[in-house]
Amino acid sequence: MPLALLALAISAFGIGTTEFVMMGLMPNVADDMGTSVPTAGYLVSAYAIGVVIGAPLLTAVGARVPRKRMLVLLMGLFTVGNLASALAPNYAALLGGRVLAGLPHGAFFGVGAVVAARLVTEDRRARAVATMFLGLTVANIVGVPAGTAIGQALGWRATFIVVSAIGLLAMASLAALVPQLPLEHQRGVGHEVRALGDRQVVLGLLTAVFGFGGVFAVYSYLASIMTEVTGIAESSVTVVLALFGIGMTLGALVAGPLTDRALRPTLYGGLGALAAAMLVFHAVVDVEWAAMAMVVVLGGLGFMTTTPLQMLIMQKARHAPTLASAGNQSAFNLANAGGAWLGGVAIAAGWGWRAPMLVGVVLALTGLGIAVLAGALDRGTSLSRSRIVARGIPRLRRERAAEGVPG
């Protein structure tokens, strides 16, 4: 694999760390800012809002910017956003810093996925994209626990200073290791916007919103589920989050080769297995060793859906893939917000801490249904095109014969 993928993975590590570390720092931030933990929770939503807004906006603005330069600029904005968070004098400023840090997230992964895919041969593209996303998964194993520990020991501001330093390292790595791509690969914003209207792209984005929403319906409340139902100590929550991150990493490693071999079956299998795993988790969550094992399984199956979805959308929008690819990141963050909200609604309704798992099952199966529908429609379209071509061949031969052209 090219060294440029290392630069993309380092960037993804920084992005993943800042996205999820707030979940572990909320009590510290709430105490320092003189607010409640639920109010501090809006800082998680603020980042997601930044992603949803920034993905299409920054991708459209940078449609004609060379991709290497675009990646460096996006990581520069990421670094500024985290530094602004570290220096925020009050809650409102911190909220703004979180939005600013989230703005380049979707655009970076959108552009980065296109760059990663073009660094390797066609039969290894999914593995290259999965390698970039490994940085995101490793962040959940190392970055988030380490960032939480730093914040608890030195104050939450120290965590964001460290993340800013990772951003500077990522910028240097991108500048040094990512090659310049030929300008003919760049497309105008009009091409990119039209790509979003493709039926297969729309169905792919909906699959991401519902299918991945099932993951976040459970993950958002995983700490409370494990302490309230399984009965683990609060001090062990970081271990649970690390186990989920290990599962994510394993899922990314497996998803790349499988997606290169069979894209849609990998997507179908991942979503179906995810729904089944959440049912199993619902049944065994009060058994500590089984619950811990299922945390790893859920992380792995959940992340197995990201690579095939990213590659599917890039294929279906192959003439202008960047905005569609970035839009997929917006879809994942909508899944984050929507899954967490629906899981919370189920808990608030008095259905108990197990309820988010059943919500996750419904969402995962809905995503699977959309994916299967998209596959059926795609096969139908391909078959119709094949028939049109087949019917046209005899006529073409007759026309060539009449003109005295061989074959």
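The values are calculated or read from the model by the stated rules, or taken from the named source; none is laboratory data. All figures in this text were calculated on a predicted structure; none of them were measured in a lab. For neighbour counting, all protein chains shown are included, and Cβ atoms are generated from backbone atoms with ideal geometry for every residue, glycine included. Each accessible area value is taken on the protein alone, full model and side chains, heavy atoms only, with ligands, DNA and RNA left out. Shrake-Rupley method; radii C 1.70, N 1.55, O 1.52, S 1.80 Å.
Take the alpha carbon atoms of the range 296-374, find their center, do the same for the range 98-160, and report the distance between the two centers in whole angstrom.
If you average the Cα positions of each part, the centres end up 18 Å apart.
Taking a quarter of the surface of the Cα convex hull of the range 40-119, what do you get in nm²?
Result: a mean projected hull area of 5.2 nm².
What are the semi-axes of the equivalent ellipsoid of the range 264-316, taken as the square roots of 5 times the eigenvalues of the Cα gyration tensor, listed largest first and rounded to whole Å?
27, 10, 6
Rolling a 1.4 angstrom probe over the protein heavy atoms, how many square angstrom per residue are accessible across the chain?
So the chain comes to 41 Å² accessible per residue, rounded to a whole number.
Which distance in nm do the two modelled labels at Leu87 and Leu373 give, with both placed 7 Å along the Cα-to-Cβ direction?
For Leu87 paired with Leu373, the spin-label model returns 4.9 nm.
With the full set of protein chains in place, find how many percent of the accessible area of the range 24-137 is carbon and sulfur; take the probe as 1.4 Å.
Carbon and sulfur: 65 percent of the exposed surface of the range 24-137.
Taking all protein chains together and a probe of 1.4 Å, list Trp341, Trp353 from the most accessible to the least accessible.
The residues order as Trp341, Trp353, largest area first.
Between Val239 and Ala158, what is the label-to-label distance in nm when each label sits 7 Å out along the Cα-to-Cβ direction?
That separation, rounded to one decimal, is 2.4 nm.
Can you work out ³J(HN,Hα) from phi for every residue in the range 199-215, in order, using Karplus 6.51 cos²θ - 1.76 cosθ + 1.60 and θ = phi - 60°, giving whole Hz and x for Gly and Pro?
After applying 6.51 cos²θ - 1.76 cosθ + 1.60, I find 4, 5, 5, 4, 5, x, 5, 5, 4, 5, 4, 7, x, 6, x, x, 5 Hz.
With runs of 4+ DSSP H residues as the only contributors, calculate the mean residue ellipticity of the chain at 222 nm using -39,500 (n - 2.57) per run, divided by the residue total and rounded to the nearest 500.
Theoretical 222 nm ellipticity from helices: -27500 deg cm²/dmol.
When averaged across all projection directions, what area in nm² does the alpha-carbon convex hull of the chain cover?
It is 21.3 nm².
So how compact is the range 244-389: Cα radius of gyration and Dmax in angstrom?
17.0, 59
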